[in-house]
Amino acid sequence: MSVTGLAADQPAPRGGGWVGAEELAGGGAALDAFLAWDDAQVLRDYGTRARPDVVASFALHRYAWPVCLLITVPWFLHRRVPRLPVTHVSYDRTAGDMRLAVREPESFACLPGDPAAALPGARVVADEEALRAEVRAAVAEHHEPLLAGFGPRMRRRGRALWGMVTDEVVEGLWYVAHLFGDGEQERARRELELLLPGATRPYVGSAAFRELTGPDGEALPTRDRASCCMFYTVRPQDTCATCPRTCDADRVSKLVAPAAS
């Protein structure tokens with residue numbers, strides 16, 4: 001995944017595999033092309049065709065997972081929360097890696113005492129909880145129009161769609177935090193539990209972390225997804241460790257398998 005910053009007057013990349021988030025939100029030809037890429041990838045990787053609504057679910061996941069990181073990573077590392085509406089983000093995943101182009105935010109939230117508070121566009125908020133509210137608002141601002149575009153293709157509405165966004169916020173940051181060094185994944189877990197404690201509409205449920213016990217008595221962190229990614233419709237025997245369809249015994253087997261190999 002690579003991110004290129006764009007100045008306010010710099011045109012967003014187009015052509016090739018590039019598409020603007022606002023184009024996807026429009027639900028027209030740009031979204032058709034975006035979904036066709038996922039349809040072809042499923043056939044290539046798994047040797048079978050997925051239902052159109054499953055293809056759309058995969059496509060939204062592959063978009064939302066990295067885009068949520070544009071907001072959650074600056075918050076996690078620097079305590080700054082950029083506002084990035086759909087007009088500010090372009091995406092290309094056809095070159096092998098995920099590539100994002102992001103226009104310089106017009107505003108961002110930060111805490112008192114942050115040196116960035118003196119910069120143009122800075123909005124100082126009172127405390128950590130107020131900053132968490134800014135994270136929730138920024139993610140919702142970006143994804144609300146995207147869900148309007150993707151929703152009809154996915155045959156999902158409201159709660160199910162926001163459940164997907166909830167999962168992308170949690171699982172994206174939880175995953176990349178371990179790349180930042182020792183203890184950061186556990187810190188991300190604590191931060192995400194505060195960010196999404198439950199009853200934070202439009203998000204669904206809480207961060208939903210819990211621990212299982214491994215065969216040697218070790219603690220195995222997991223979580224319960226608020227939504228289903230629909231991968232079971234392609235490979236019923238190969239669900240993920242946080243899938244709501246996966247029982248705890250199978251979760252333990254999946255979680256200890258990487259260490260064993």
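Observations, loosely collected:
- Relative contact order, percent, the chain [alpha-carbon distance under 8 Å, six or more residues apart]: 19 percent
- Amide H contacts under 5 Å for Ala122: Phe108, restricted to partners 5 or more places along the chain or on a different chain, H placed in the peptide plane at 1.01 Å from N.
- The Cα center of the range 205-222 and the Cα center of the range 116-166 differ in position by 28 Å.
- Sulfur and carbon atoms: percent of accessible area, the range 26-184 [1.4 Å]: 56 percent
- Backbone HN-Hα couplings from phi across the range 8-20 [Karplus 6.51/-1.76/1.60, Hz, Gly and Pro as x]: 4, 9, 8, x, 6, x, 9, x, x, x, 6, 9, x
- Backbone amide hydrogens, once placed in the peptide plane, bring Arg80 within less than 5 Å of Trp75, excluding anything fewer than 5 places away on its chain.
- Helical runs (DSSP H, four residues minimum) scored at -39500 (n - 2.57) apiece and divided by the length of the chain put the mean residue ellipticity at 222 nm at -16000 deg cm²/dmol.
- Rounded, prolate or oblate (a/c below 1.5 giving rounded, otherwise prolate when a/b exceeds b/c) for the chain by Cα gyration tensor: oblate
- Nonlocal amide H pairs with Leu6, under 5 Å, H built at 1.01 Å: Val102, Arg103, Glu104
- Relative contact order for the range 79-223, counting Cα pairs under 8 Å that sit 6 or more residues apart, in percent: 15 percent
- Vicinal HN-Hα couplings computed from phi for the range 57-64 (Karplus, 6.51 cos²θ - 1.76 cosθ + 1.60; Hz; Gly/Pro x): 5, 4, 5, 5, 4, 5, 7, 5
- For the range 70-208, the square roots of the Cα gyration tensor eigenvalues, ordered a ≥ b ≥ c, give a/c below 1.5, which places it in the rounded category.
- Alpha-carbon centroid distance for the pair the range 172-198 / the range 19-41, whole angstrom: 30 Å
- GNM on the chain, alpha-carbon springs under 10 angstrom: the most fluctuating residue among Ala140, Ala126, Ala116 is Ala126.
- Relative contact order [Cα under 8 Å, 6+ residues apart], the range 12-113, whole percent: 31 percent
- Between Val256 and Arg210, the contour length at 0.36 nm per residue exceeds the Cα-Cα span by 15.0 nm.
- DSSP assigns beta bridges within the range 102-261; of those with both partners inside it, close to 60 percent run antiparallel.
- In Hz, Karplus ³J(HN,Hα) per residue of the range 232-248 (6.51, -1.76, 1.60; θ = phi - 60°; x = Gly, Pro): 4, 6, 9, 9, x, 8, 10, 7, 7, 6, 9, 5, x, 8, 9, 6, 5
- Packing-based order for 48-58, 171-181, using average beta carbon neighbours within 10 Å, highest first: 48-58, 171-181
- Simple spin-label estimate for Asp248 and Glu193 in nanometres, 7 Å along Cα-Cβ: 1.7 nm
- For the peptides 24-34, 81-91, 239-249, the ranking by mean Cβ contacts within 10 Å, running from highest to lowest, is 81-91, 24-34, 239-249.
- Using the 1.4 Å probe convention, the accessible area of the range 150-197 works out to 47 Å² per residue with neighbouring protein chains retained.
- A simple spin-label model places the labels of Phe180 and Arg157 3.8 nm from each other, with each point 7 Å out along Cα-to-Cβ.
- Efficiency of FRET from Cβ geometry, Ala95 and Val124, R₀ 45 Å, rounded to 0.05: 0.70
The values are calculated or read from the model by the stated rules, or taken from the named source; none is laboratory data. Model, not experiment: these values are computed from the prediction. Here the Cβ is made from the backbone with ideal geometry for all residues, glycine too, and neighbour counts use every protein chain on show. Please note that ligands, DNA and RNA were not included when accessible areas were found on the heavy atoms of the full protein model with its side chains. Shrake-Rupley method; radii C 1.70, N 1.55, O 1.52, S 1.80 Å.
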